[in-house]
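Asks: Below: one structure in structure tokens.
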Amino acid sequence: MRSHQLSPGRTFLLGLETGSDLYLLLSRFVEEQQIEAATISFLGAVRRASLRYYDQTAKEYRDFVIDRHLEVLSGTGNVSSKDGRPFVHVHAAFGDADGRAWGGHINEGTEVFALEVTVVELIGEVPMRLPDEDTGLQVWGGGG
Ligand code: ZN
């Protein structure tokens, strides 16, 4: 286990416009605000979800799109450092008109209908994403 100690900084409540791209908008926002670490949560609705699943055996990503109107049941994420830049990592569970759930890692291409986002900046030992042999992913390694 790797532990990084941080404290809350600024808190932002964001209302995202219809038609905007959830992932691109969050990435741009943290860059503009010079946020190095944060927790993110959101709820609302999207017109389509562009998602990613990580195959743990093949150690590769599988991208897919749920091209329908969806409620965001729960959206959660964080910001940490990857290759020296702030990196937004977001997952969400979605519900369709029949109450079925879909979900995954949020890619570019997730189109907002209406979303309410809370971003809590964290200040302190910013986790850095480093290559990890066991998972094939870039996971939280060094601090500071
Ligand atoms: Zn992910």
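The values are calculated or read from the model by the stated rules, or taken from the named source; none is laboratory data. All figures in this text were calculated on a predicted structure; none of them were measured in a lab. Neighbour counts are summed over all protein chains in view; Cβ atoms, including those assigned to glycine, are modelled from backbone coordinates with ideal geometry. Accessible surface is based on the protein model in full, side chains and every heavy atom, while ligands, DNA and RNA are left aside. Shrake-Rupley method; radii C 1.70, N 1.55, O 1.52, S 1.80 Å.
Asks: Looking at segment 73-93, can you tell me whether even one residue there is away from the ligand (no atom under 16 Å from the Cβ) and of a type in the set (A, V, I, L, M)?
Replies: Within segment 73-93, one or more residues are away from the ligand (no atom under 16 Å from the Cβ) and of a type in the set (A, V, I, L, M).
Asks: Further question: Output the number of residues of segment 104-118 satisfying the condition of being among the aliphatic types (A, V, I, L, M) and within 13 Å of the chain's Cα centre (by Cα).
Replies: Kept after step one, since they are among the aliphatic types (A, V, I, L, M), are these residues of segment 104-118: 106, 112, 114-115, 117.
From the residues that got through so far, the ones that are within 13 Å of the chain's Cα centre (by Cα) too are 106, 117.
Residues in segment 104-118 being among the aliphatic types (A, V, I, L, M) and within 13 Å of the chain's Cα centre (by Cα): 2 in total.
For (1) touching a helix residue (DSSP H, G or I) at 6+ places or on another chain (Cβ under 6 Å); (2) of a type in the set (D, E, K, R); (3) at positive phi, each residue gets a yes or a no:
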site: Glu36; (1), (2), (3): no, yes, no
site: Ala49; (1), (2), (3): no, no, no
site: Val79; (1), (2), (3): yes, no, no
site: Phe94; (1), (2), (3): no, no, no
site: Val112; (1), (2), (3): yes, no, no
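Asks: Would you check if Asp96 is within 16 Å of Ala114 (Cα to Cα) and within 16 Å of the chain's Cα centre (by Cα)? If you could, list the steps in order and put the result at the bottom.
Replies: Numbers: within 16 Å of Ala114 (Cα to Cα): yes; within 16 Å of the chain's Cα centre (by Cα): no.
Considered against the rule, which asks whether it is within 16 Å of Ala114 (Cα to Cα) and within 16 Å of the chain's Cα centre (by Cα), Asp96 comes out as no.
Asks: Would you point out which residue out of Arg10, Arg52, Arg28 is closer than 17 Å to Leu70 by Cα, open to solvent by 60 Å² or more (accessible area, probe 1.4 Å) and either of a type in the set (Gly, Ala, Ser) or at pLDDT 95 or above (or both)? Show your work before the answer.
Replies: Values: Arg10 fails: closer than 17 Å to Leu70 by Cα; Arg28 fails: closer than 17 Å to Leu70 by Cα.
Every option except Arg52 fails the conditions.
Asks: What number of residues within segment 46-68 satisfy the criterion of being touching a Lys or Arg at 6+ places or on another chain (Cβ under 6 Å) and either in contact (Cβ under 8 Å) with a residue 60 or more places away in the chain or away from the ligand (no atom under 16 Å from the Cβ) (or both)?
Replies: Qualifying residue count, segment 46-68: 1.
Asks: Considering only residues of segment 95-144 that are open to solvent by 30 Å² or more (accessible area, probe 1.4 Å), touching a residue at least 24 places away in the same chain (Cβ under 8 Å) and outside any strand (DSSP E or B), which is farthest from Gly84 (Cα to Cα)?
Replies: Ala97
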